[in-house]
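The values are calculated or read from the model by the stated rules, or taken from the named source; none is laboratory data. The shown structure was predicted, so the numbers you read here are calculated from the model rather than taken from an experiment. With ideal geometry, Cβ positions are generated from the backbone for all residues, glycine too; neighbour counts draw on all protein chains shown. Ligands, DNA and RNA are excluded from the accessible area calculation, which covers all protein heavy atoms including side chains. Shrake-Rupley method; radii C 1.70, N 1.55, O 1.52, S 1.80 Å.
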Amino acid sequence: MKYISYTFASLMTLAMMLIFINMGCWMQMASALPFMKVDPWISGGEVTDSIVGDNYRIRIHEAVYQGLFVEDRNGYIQLDVNGCYEGEVELGSSSYLLNADEEQLVLSDSESGAAMDVKKCHTSGGWVVRVGI
Amino acid sequence: MIEGLLIGLSVGASCLASCGPLVISVIMKNTPTTFGAYAYLGKFLSGRLLAYIIIAFMVSMAHGTEWQTRNFVGATNLIAGLMMIANAFIKLPSYCVKGRSFKSLVRQYAPQVYVPTLGFFSAINACPPIIAAASSAAVAESAVEAIMTFIMFFIGSSVYMLPLPLISAARDKEALQSIGKFASVIVGIVMVAKGLLGFDY
Amino acid sequence: MKNKLYSTGSIWKSILLTLPMLFISMLMLSRGGAVLTSQAESLAYLITVLFYCSMFFMMLYKGATDKWRAIAFIVSAVLFSVSFMHNLVDLRGSVTYSDEETMMCEIPFCHIVTTMVLIPAAIKQTIIFPGSIMSGFASISSMLIIVFGSSVILGRGFCSWGCFYGGWDDGFSRTARKPFIKAVNSAYRWFAFAMLIVMALWSAATIMPQYCNWLCPFKLVTERDAIVDIESLMKNIVMFSLFVALVVVLPVLTKKRIQCATFCPMGAFESLFNKLSLFQVKNNESKCIGCGKCQKACPLLAIGKDNKPLINCAKCGKCVDECPTGAMQFHIKGTPMGSKITTARLLFLYPAYTLMVTLIGGSVLEAIRLGLS
């Protein structure tokens with residue numbers, strides 16, 4: 001028994017090195033595991049629709065909600081806006097007016113025209129905006 | 001009613017994540033035996049059941065969830081949080097009642113009411129499971145049906161809490177009690193903060 | 001002063017035993033030759049390899065584990081922060097993360113987050129962290145592999161040999177010559193386990209790693225929220241206060257690693273791996289005289305009243321160094337107690353030090369390179 005223990009202990013240094021040396025392989029294996037994806041509440045969810053035009057592309061993500069299982073009131077829909085766009089956008093059962101270009105993005109309620117307070121950021125790929133629902 | 005049970009079963013994990021820390025803290029801090037731990041769980045759930053029945057009644061009367069005002073939920077979180085912090089310092093007796101005089105009965109029963117009261121206040125919350133159950137109960141035809149929906153929801157969601165008392169079977173009771181005490185304080189602080197932030201100032 | 005029990009007794013024997021670590025350091029720090037592209041990098045590489053190997057040499061020659069481990073550990077932690085924060089400023093212009101980094105999932109995954117992602121990973125099959133699964137610095141998959149792999153090998157030894165935050169706590173705990181608060185209630189060691197339970201469940205309930213969100217004091221020496229509203233201001237105040245209290249003031253007053261011993265949920269989680277690890281620190285009862293020096297010395301409150309190491313032992317070696325009779329020993333499970341204690345220590349030191357060199361050494365190299373260029 002003690003010889004097996006000493007043998008295993010001797011191999012632990014090699015095992016520790018192999019964790020790092022073979023990291024690429026381990027990462028490939030790990031990424032195939034079913035839970036290895038960022039939660040949609042954090043990442044914005046999958047893209048379900050696109051609006052494409054001559055000088056714009058808008059990708060609309062699925063609606064995501066906070067909660068371990070149940071859909072809470074607290075949810076949002078993410079839009080990825082690339083280019084210049086001015087017009088209506090349908091998100092779920094609501095309609096909004098979107099005015100976006102390289103400098104700014106404004107999302108307004110289509111009925112009242114009031115600008116909405118949304119979470120947005122400008123990235124190298126355009127605007128990412130999350131509309132609360 | 002079946003819908004209530006199904007909602008409870010489907011969101012029970014959420015209930016476990018939200019209310020589990022409270023139950024675990026109380027059990028670990030106070031309970032030496034597994035049977036006693038289940039007694040504490042029973043008391044906690046009884047307070048929760050009472051809260052659900054009252055919520056169901058209010059939902060059926062209001063036909064909606066207007067009772068879930070920020071101040072109301074903030075207050076219940078605050079009370080539950082303070083009770084959790086207090087739980088770390090007070091000693092709860094076992095489930096057996098001793099003594100016959102009025103004074104000794106009060107001393108015995110008052111702490112006995114503590115855990116159900118904690119279960120009651122922690123249940124009155126605008127958490128996703130309650131909202132789902134309330135939405136289902138809101139369309140019930142009568143108050144009785146709404147109450148039955150919530151009772152079925154209670155049964156479905158409580159199933160997930162049944163394994164929690166088994167933690168009292170751990171060998172190191174001293175460690176368990178220390179962890180329970182500290183967990184009570186941490187959960188209490190979180191709930192007090194949640195309560196204070198939840199108010200409409 | 002040499003610890004006669006563990007000292008090799010000769011410089012040449014120590015050099016010989018350090019050679020494998022020299023080879024490992026050179027291999028693991030070279031990153032396939034990528035570091036030797038400029039003079040500054042080559043010099044930094046040389047300095048880093050020599051630094052780590054000299055500390056390892058001293059551990060063997062002097063026979064004291066904790067003192068030389070701590071020097072390497074503390075220097076590694078400080079230089080890791082320097083390198084990390086410099087890279088952030090280079091990349092983003094500041095050490096704060098904004099909505100953009102969070103929304104684009106560009107936050108580096110820290111090992112402490114592991115405790116908070118497990119329950120949602122099991123139930124919801126998702127990782128509740130705004131990081132990248134495969135790409136970038138400290139991707140989710142790579143950090144999880146490192147955490148679980150090294151924890152299976154070393155148990156909670158990760159906290160004394162791999163954690164790039166622990167060095168701060170360790171460093172401040174050694175600044176005072178004597179503790180101002182002599183008696184620390186050992187029950188506080190269980191606070192970390194309470195933190196683990198509550199944080200894991202609270203994070204699962206809210207789909208957000210709440211320890212990172214609100215409580216982690218080490219955001220002060222890595223990256224933190226930009227102050228844009230009341231909530232982010234409060235988070236920064238809490239974070240700063242906890243760093244000052246748990247990482248600076250209390251460790252100075254008590255000479256204990258208070259943050260690691262009582263607050264870190266990852267430490268509690270790692271403790272569970274002590275059951276799996278082949279290596280342990282054990283009390284040889286036939287030699288123990290019950291003086292209690294090990295209890296007083298242990299920085300993590302990990303030694304019980306019976307002078308036996310508990311589940312939360314991080315294998316720093318301090319009790320082994322302090323024990324006057326050599327009762328506290330490094331031990332390999334399945335081997336007889338008290339025999340070949342120097343072999344057991346050596347077989348533990350190699351993988352433990354390899355972890356430190358590989359996990360944090362790269363950042364140390366980077367920090368030295370920055371200093372040189």
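Going by the alpha-carbon gyration tensor, a ≥ b ≥ c the square roots of its eigenvalues, is the protein assembly as shown rounded (a/c under 1.5) or, if a/c is not under 1.5, prolate (a/b greater than b/c) versus oblate?
Cα axes put the protein assembly as shown in the oblate bin.
So what is the relative contact order for chain C, in percent, with contacts set as C-alpha pairs under 8 Å and at least six apart?
On the way: 607 pairs, mean separation 87.7, N = 373.
Reported as a whole number, the value is 24 percent.
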message: I'd like to know which of B:S142, C:L370, C:V89 lies farthest towards the positive end of the charge dipole of the protein assembly as shown, counting +1 on Cβ of Lys and Arg and -1 on Cβ of Asp and Glu.
response: C:L370
message: As a test of reading the structure, rank A:R130, C:R69, C:R177, C:R224 by solvent-accessible area (1.4 Å probe, protein chains only), most first.
response: C:R177, C:R224, A:R130, C:R69
message: Straight-line reach from C:K124: which aspartates and glutamates fall under 20 Å, measuring Cα to Cα and dropping same-chain residues less than 8 apart?
response: A:D39, A:E46, A:E62, A:E71, A:D72
- request: Holding the Cα-Cα limit at 19 Å, pick out from B:K181/C:K315; C:K255/C:K293; C:K62/C:K178; A:K2/C:K282; B:K181/C:K293 the pairs that are longer than that.
  value: B:K181/C:K315; C:K62/C:K178; B:K181/C:K293
statement: For C:M328, other-chain or 5+-apart residues with amide H closer than 5 Å (H placed, Pro excluded) are C:N284
query: Along the Cα-to-Cβ line of C:I123, 7 Å from the Cα, sits a label point; which residues in the range C:188-212 have backbone N less than 17 Å from it?
result: C:196-211
task: Provide Rg and Dmax in Å for the range C:57-116, with only Cα atoms included in the calculation.
output: 17.1, 51
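Let's test the formula: R0 of 30 Å, r as the Cβ-Cβ distance of B:E174 and C:F180. What FRET efficiency results, to the nearest 0.05?
Details: r = 28 Å, r/R0 = 0.92.
Efficiency, from the Cβ-Cβ distance: 0.60.
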field: Residues of the range C:248-273 with amide N under 16 Å of the 7 Å Cα→Cβ point at C:K333
entry: C:270-273
- request: With a 1.4 Å probe and every protein chain left in place, tell me how much accessible area C:S54 has, in Å² to the nearest 10.
  value: 50 Å²
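For C:L276 and C:K296, what does the FRET efficiency come to when R0 = 30 Å and r is the distance between their Cβ atoms, rounded to the nearest 0.05? Write down the numbers at each step before the final one.
Numbers: r = 29 Å, r/R0 = 0.96.
The computed FRET efficiency comes out at 0.55.
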message: Using a Debye calculation, one point per C-alpha and no hydration shell, please list log10 I(q)/I(0) for chain C at q = 0.06, 0.07, 0.11, 0.12 Å⁻¹ in order.
response: -0.22, -0.31, -0.78, -0.93
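With a 10 Å radius around each residue's Cβ, average the other Cβ atoms per peptide and rank C:152-163, C:20-31, highest first.
Details: C:152-163: 26.6, C:20-31: 17.6.
Those peptides, ordered most packed to least, come out C:152-163, C:20-31.
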query: What is the Cα coordinate range of the range C:290-329 on the first, second and third principal axes, sorted by size from largest, in whole angstrom?
result: 23, 19, 14
- prompt: Nearest 0.05, what FRET efficiency do A:T7 and C:S241 give at R0 = 41 Å with Cβ-Cβ as r?
  reply: 0.25
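Would you tell me the mean number of C-beta atoms belonging to other protein chains that fall within 10 Å of each C-beta in C:151-162, as a whole number?
On the way: counts 0, 3, 7, 2, 0, 0, 0, 0, 0, 0, 0, 1.
Rounded to a whole number, the mean comes out at 1.
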query: Once Lys and Arg get +1 and Asp and Glu get -1 on their Cβ, which of C:M337, C:G267, C:L278 lies farthest toward the positive end of the dipole of the protein assembly as shown?
result: C:M337
- prompt: For A:D109, what accessible area in Å² do you get when you roll a 1.4 Å probe over the heavy atoms of the protein chains, rounding to the nearest 10?
  reply: 50 Å²
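About its Cα centre, how strong a charge dipole does chain C have in debye, to the nearest 20, once Lys and Arg get +1 and Asp and Glu get -1 at the Cβ?
Details: 34 positive and 19 negative charges, 432 e Å.
Here chain C has a charge dipole of around 2080 debye.
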- prompt: Other chains' Cβ within 10 Å of C:356-365 residues: what's the mean?
  reply: 1
statement: With all protein chains present and a 1.4 Å probe, the order of C:K308, C:K124 from largest accessible area down is C:K308, C:K124
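Roughly speaking, what is the stretch gain from B:E3 to B:K194, that is 0.36 nm per residue apart minus the C-alpha to C-alpha distance, in nm to one decimal?
On the way: separation 191, 0.36 × 191 = 68.76 nm, distance 3.02 nm.
Working it through step by step, the gained length comes to 65.7 nm.
Taking only the alpha-carbon atoms of the range A:1-126, what semi-axes of the equivalent ellipsoid follow from 5 times the gyration tensor eigenvalues under a square root, in whole Å, largest first? Don't jump to the answer; show the numbers that get you there.
Working: eigenvalues 472, 65, 27 Å².
Equivalent ellipsoid of the range A:1-126: 49, 18, 12 Å, largest first.
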query: Hey, in the GNM for chain C with a 10 angstrom Cα cutoff, which one of C:V320, C:V184, C:V147 fluctuates hardest?
result: C:V184
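Counting only helical runs of four or more DSSP H residues, what would the 222 nm mean residue ellipticity of chain C come to if each run contributes -39,500 (n - 2.57) and the total is spread over all its residues? Walk me through the numbers on the way to the answer.
Details: 15 runs with 197 residues, N = 373.
So the calculated ellipticity at 222 nm is -17000 deg cm²/dmol.
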- prompt: What residues from the range A:83-115 fall in the zone where the backbone N is under 15 Å from a label point 7 Å along the Cα-to-C-beta line of A:H122?
  reply: A:83-85, A:99-107
statement: Computed over all unlike Cα pairs, the Kirkwood hydrodynamic radius of the range C:1-96 in Å stands at 15.1 Å
message: On a 1.4 Å probe surface of the protein chains, which of C:C288, C:C105 comes out largest in accessible area, and what is the full order?
response: C:C288, C:C105
- request: Give the percent of DSSP beta bridges with both residues in the protein assembly as shown that are antiparallel, rounded to the nearest 5.
  value: 95 percent
Rounded to the nearest 10 Å², the accessible area of C:C291 at probe 1.4 Å: 60 Å²
query: Is there a simple number for the mean count of other chain Cβ atoms within 10 Å of the Cβ of residues in C:121-129, and what is it?
result: 6
message: Using the basic label-point model (7 angstrom from Cα toward the beta carbon), what is the C:V89 to C:T343 distance in nanometres?
response: 5.1 nm
- prompt: Principal axis lengths of the range C:8-57 from Cα atoms, whole Å, largest first?
  reply: 39, 17, 12
Inter-label distance, nm, simple model (7 Å from Cα along the C-beta direction), C:L5/B:T33: 4.5 nm
